[in-house]
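Student: Dropping the structure in here first, questions after.
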Amino acid sequence: MNTIFITGANRGIGLELTSQLLKEGNKIIAGCRNLKATDNLRKLQREFEKLEIMELAVDDEDSVVSCFKKLSEDNQKIDLLFNNAGIMDWNDLNAVTSDSLEKVYRTNLIGALLVLRASVPCLRKSNQPLVVNLSSRLGSIGLRGNTQLGGAIAYQCSKAALNMLTKQAAIDLSTLGIRVISLSPGWVKTEMGGIEAKYEVSESVRLMLQALKNLQPGDSGIFLGEDGTEISW
Ligand SMILES: NC(=O)c1ccc[n+]([C@@H]2O[C@H](COP(=O)([O-])OP(=O)(O)OC[C@H]3O[C@@H](n4cnc5c(N)ncnc54)[C@H](OP(=O)(O)O)[C@@H]3O)[C@@H](O)[C@H]2O)c1
């Protein structure tokens, strides 16, 4: 049994990760920014006792620090961290506002960095700690101008920056044995992805969990798609 922390766990991909990983027998700590919007998690909690729900707004440094301070004080181990919480702004270069740019960066990049950093004491208690940053092909610089949809400038830049966080954190944390990867879930039918998306959320999560099982011990600082194939940075 692994202990797995998931941010943004109350809906979408985070909720499905929680559900599938509980069914595999893991302990899940589900971070949610609004404890009043956790009906789906409460339902799961009635079925699985190894689900803990914690308040965590990734864009609020005090919230991040206090969540992981509590976990450290409880001597909690984290084997796997999913930096999953994220927001979208579909506006292009001409339409995006500086306020929105800041908001998207604060959640998708700064939030992920704060969570990753605050979780290190708990990750160090694991024998094989792994951090998975939920990235996107929209954050791939290499894919720009090819067949990939584009135009969501704040989101794309934030995910490209998240990929740099993956790469640098993988280097900085290697001496602690903490591996860090970026993983794209594909285009998924969630509130963010919309109903036209390619994958049901259950299928995307099933593929991603299989891809994680196929990781080799030295794999870190890499950017993978839901099927486990590498994506160009
Ligand atoms: N769906 C796709 O096609 C797709 C494609 C590529 C990458 N991704 C990435 O996959 C991840 C999950 O996406 P999704 O499709 O599941 O999105 P979603 O359905 O919109 O869910 C987003 C989740 O993030 C949470 N969240 C947002 N801001 C937060 C904050 N400041 N603090 C804590 N939680 C916060 C939301 O909580 P609330 O309920 O409180 O808002 C919600 O639980 C994201 O990082 C996204 O960029 C998704």
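Student: If you stretched the chain out fully between residue 37 and residue 102, how much longer would it get, using 0.36 nm times the residue separation minus the C-alpha to C-alpha distance?
Tutor: Between residue 37 and residue 102, full extension yields an extra 20.9 nm.
Student: Also, I was wondering about something else. Label-point separation (nm) for residue 127 and residue 200, each offset 7 Å from Cα along Cα-to-Cβ?
Tutor: Computed distance between label sites residue 127 and residue 200 equals 3.5 nm.
Student: Only four residue types carry charge here, +1 at the Cβ of Lys and Arg and -1 at the Cβ of Asp and Glu. Report the dipole size of region 99-233 about the Cα centre in Debye, rounded to the nearest 20. Let's see the in-between values first.
Tutor: On the way: 14 positive and 11 negative charges, 71 e Å.
Computed charge dipole of region 99-233: roughly 340 debye.
Student: Tell me, what is the FRET efficiency for residue 49 and residue 24 to the nearest 0.05, using R0 = 22 angstrom and their Cβ-Cβ distance as r?
Tutor: 0.90
Student: Quick one: putting +1 on the C-beta of Lys and Arg, -1 on the C-beta of Asp and Glu, what dipole do you get for region 73-116 around its Cα centre, in Debye to the nearest 20?
Tutor: With only Lys, Arg, Asp and Glu charged at Cβ, the dipole is about 40 debye.
Student: Can you give the local net charge around residue 33? Use residues other than it whose beta-carbon is closer than 9 angstrom to its beta-carbon, Lys and Arg +1, Asp and Glu -1.
Tutor: Every neighbour counted, the sum reads -3.
Student: Explain nothing, just the number: dipole magnitude of the chain about its Cα centre with +1 on each Lys and Arg Cβ and -1 on each Asp and Glu Cβ, in debye rounded to the nearest 20.
Tutor: 400 debye
Student: Around residue 135, under 14 Å between beta carbons, what's the net of Lys plus Arg minus Asp minus Glu among the other residues?
Tutor: Net charge in that neighbourhood comes out at +1.
Student: Here is a follow-up. If we count every other residue with Cβ under 9 angstrom of residue 204's Cβ, Lys/Arg +1 and Asp/Glu -1, where does the sum land?
Tutor: Local net charge: -1.
Student: If one takes the longest principal axis of the Cα atoms in the chain, at what angle in degrees, from 0 to 90 and to the nearest 10, does the Cα axis of helix 112-123 lie?
Tutor: 20 degrees
Student: Taking R0 as 30 Å, what's the FRET efficiency between residue 146 and residue 174 from their Cβ-Cβ distance, rounded to 0.05?
Tutor: That gives a FRET efficiency of 0.45.
Student: Report, in degrees rounded to the nearest 10, the 0 to 90 angle that the Cα long axis of helix 12-23 makes with the longest principal axis of the chain.
Tutor: Computed tilt is about 30 degrees.
Student: Towards the positive end of the charge dipole of region 3-224, with charges on Cβ (+1 Lys, Arg; -1 Asp, Glu), say which of 146, 194, 181 has the farthest Cα.
Tutor: 181
Student: Just for the Cα atoms in region 3-224, what are the lengths along the principal axes, largest first, rounded to whole Å?
Tutor: 48, 40, 35
The numbers here are math on the coordinates, done by the rules we state, and not lab data. Values in this document were obtained by computation on a predicted structure and should not be read as measured data. Every residue, glycine among them, receives a Cβ derived from its backbone with ideal geometry; neighbour counts consider all protein chains shown.
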